Amino acid sequence: MRSDNVKKGPERAPNRSLFYALGYTPEELERPLIGVVSAYSEIVPGHMNLDKLADAVKAGIRMAGGTPVLVPAIGVCDGIAMGHIGMKYSLASRELICDSVETMFMAHQLDGLVLVPNCDKIVPGMVMAAVRMNIPSIVCSGGPMMSGLVGGVETSLSKMFEAVGARKAGIIDDEGLLEYEQNVCPGCGSCSGMYTANSMNCLCEAIGIALPGNGTVPAVSSRRIMLAKHAGMAIMDLVEKDVKARDIINEKSIKNAIACDMALGCSSNSVLHLLAIAHEAGVSVDLNLFNEISQVTPNLCHLAPAGGTHMHDLDNAGGVPAVLAQLASKGLID
């Protein structure tokens, strides 16, 4: 085990003493140490439930014979950062997240990682770290927000920006704007349309680094807790079999993800994130490949902001596995 570097032999007695200071038992130190990288905070709606999800992941790891080790990650809410100087920090945070995951993993010599992100730059940042270090890893996202309801119509964050324009144009009044701002985002989860966060969480399924349901099971569903427990169990299987991130994320699976991207009508930001992930994985990908795959792949879904449906609707229709099944039936994925 990689973690033997910090826990085996007389030379590592000082290291072990620090583990004992944390309350770990000798029995726990005999097992693989699995990092659970949680982006939990109280500033990002998509992250406000990650403490409970990380606990479920830890339960799954213990059930499968591992010792979970919770470590933190930062995350920016792109919506709150929008419209002011904070916008300059969002994309740059992706690299900070990637570097910090690498730092925590390498400094403490963990045996595998369960990545617990949500929202725009956090998901790709964590995946970039996994393929950069080429370690056993699995993603378990926080899940999408439910859609809101305004005037009996399902709404999401994109409608909020349209409402601002409507208010400035005099189409709605202050009371109408208030109805939108208090109802479009009803609770925890990544914003309910096919924006960047949900795009990347779905593409984690398509590329193979996350379990089915990662992209679409609602944040408020008990199935999300079950998924987290299964992710905790799955990482132990990956560690035992020494299945690393680059065994999963390779040229073929990246092409599959791009095809799924086109079928879902994902955020255009998915292009720059997939390119960054491919770069860290040592796979050469350029924009021409996106164009080539786009020309032969049908756009099967019209989720908000491209249409009136939301992530829970996609989940009810079978989620990413259903989309991949359609693509496979036409020979559009490997």
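The values are calculated or read from the model by the stated rules, or taken from the named source; none is laboratory data. None of these values were measured; they are calculated from a predicted model. In this analysis, Cβ positions are derived from the backbone assuming ideal geometry, glycine residues included, and neighbour counts consider all displayed protein chains. The protein model used for the area step is the full one, side chains on, heavy atoms only, and it has no ligands, DNA or RNA in it. Shrake-Rupley method; radii C 1.70, N 1.55, O 1.52, S 1.80 Å.
Starting from the Cα of LYS121, draw a straight line to each of the lysines and keep only those under 18 Å, dropping any in the same chain fewer than 8 residues away.
Of all the lysines, those that pass the test against LYS121 - Cα under 18 Å, at least 8 places apart if same chain - are LYS88.
Nothing charged except the Cβ atoms of Lys and Arg (+1) and of Asp and Glu (-1): what's the magnitude of the dipole of the chain about its Cα centre? Round to the nearest 20 debye.
640 debye
Leaving out ligands and nucleic acids, and using a 1.4 Å probe, what accessible area per residue does the chain come to in Å²?
It amounts to 44 Å² per residue over the chain.
Could you pull the accessible area for TYR89 with a 1.4 Å probe, rounded to 10 Å²?
150 Å²
At R0 = 45 Å, how high is the FRET efficiency between ASP334 and LYS88 if r is their beta carbon distance? Nearest 0.05 is fine.
Numbers: r = 39 Å, r/R0 = 0.86.
Efficiency, from the Cβ-Cβ distance: 0.70.
Taking R0 as 41 Å, what's the FRET efficiency between GLU95 and ASN299 from their Cβ-Cβ distance, rounded to 0.05?
Between GLU95 and ASN299 the formula returns 0.85.
Spin-label point model (7 Å from Cα, Cβ direction): what's the LEU178 to SER284 distance in nm?
6.1 nm
Keeping all protein chains in the complex and leaving out DNA, RNA and ligands, what accessible area do you get for PHE161 with a 1.4 Å probe, in Å² to the nearest 10?
Only protein atoms counted, so the area is about 110 Å².
Pulled fully out, how much extra length does the chain show between ASP242 and TYR20, if you take 0.36 nm times their separation in residues and subtract their Cα-Cα distance?
Stretched out fully, the ASP242 to TYR20 stretch lengthens by 77.2 nm.
So, taking all protein chains as they sit and a 1.4 Å probe, how much accessible area belongs to GLU154, in Å² rounded to tens?
Here the accessible area works out near 70 Å².
Note the angle between two axes, namely the Cα long axis of helix 222-241 and the longest principal axis of the Cα atoms of the chain, as a number of degrees from 0 to 90, rounded to the nearest 10.
40 degrees
Say the cut-off is 31 Å between C-alpha atoms; which of LYS159/LYS244; LYS52/LYS255; LYS52/LYS330; LYS229/LYS330; LYS229/LYS255 go over it?
Numbers: LYS159/LYS244 41 Å; LYS52/LYS255 33 Å; LYS52/LYS330 40 Å; LYS229/LYS330 34 Å; LYS229/LYS255 29 Å.
The pairs that break the limit, which is 31 Å between Cα atoms, are LYS159/LYS244; LYS52/LYS255; LYS52/LYS330; LYS229/LYS330.
Using a basic spin-label model with each label point 7 Å from the Cα along Cα→Cβ, how many nm lie between MET63 and ILE171?
My value for the distance between the label points is 4.8 nm.
Measure out, as a whole number of angstrom, how far apart the alpha-carbon centroids of the range 85-104 and the range 121-167 sit.
17 Å
At 1.4 Å probe size, with the rest of the protein present, what percent of the exposed accessible area of the range 78-203 is carbon and sulfur atoms?
60 percent
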